[in-house]
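Working notes, beginning with the structure itself.
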């Protein structure tokens, strides 16, 4: 790697890191989907607790209510979409964090090369 290439990396990588971090900070896909999923769950739970059978609660104990909630959440298309959005958001975040780590490692390597070049240049005088 030439001195010019090292200099170019030292000058450009911090901006690349900042850009990726800004993108990560702006990602609220996961938060929105998590809130939507909680709202869907709350709606189902409200329906489940208010359902009656001959004037008595249809799902009389907590275990039955939770089992019914799970069944409804698994069959709810919107809940499935929100879970997918959460997974996609988490994946995108992991990819961004990996990219930042890679760029940071490149920057540290360029710094080390610059120090080595400086030492070699200083030693040749």
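Every number here is computed from the coordinates shown, using simple stated rules; none is lab data. Since the model is a prediction, treat every value here as computed from it, not as a measurement. Cβ atoms come from the backbone with ideal geometry, glycine included; neighbour counts cover every protein chain shown.
Data for the structure
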quantity	calculated
Mean separation of Cα contacts under 8 Å, 6 or more apart, over the residue count of the chain: relative contact order %	45
Residue 23-residue 95 pseudo-label distance in nm [points 7 Å out on the Cα-to-Cβ vector]	0.8
Interatomic Cα distance distribution for the chain, bins of 10 angstrom, percent	11, 24, 17, 14, 12, 10, 7, 4, 1, 0
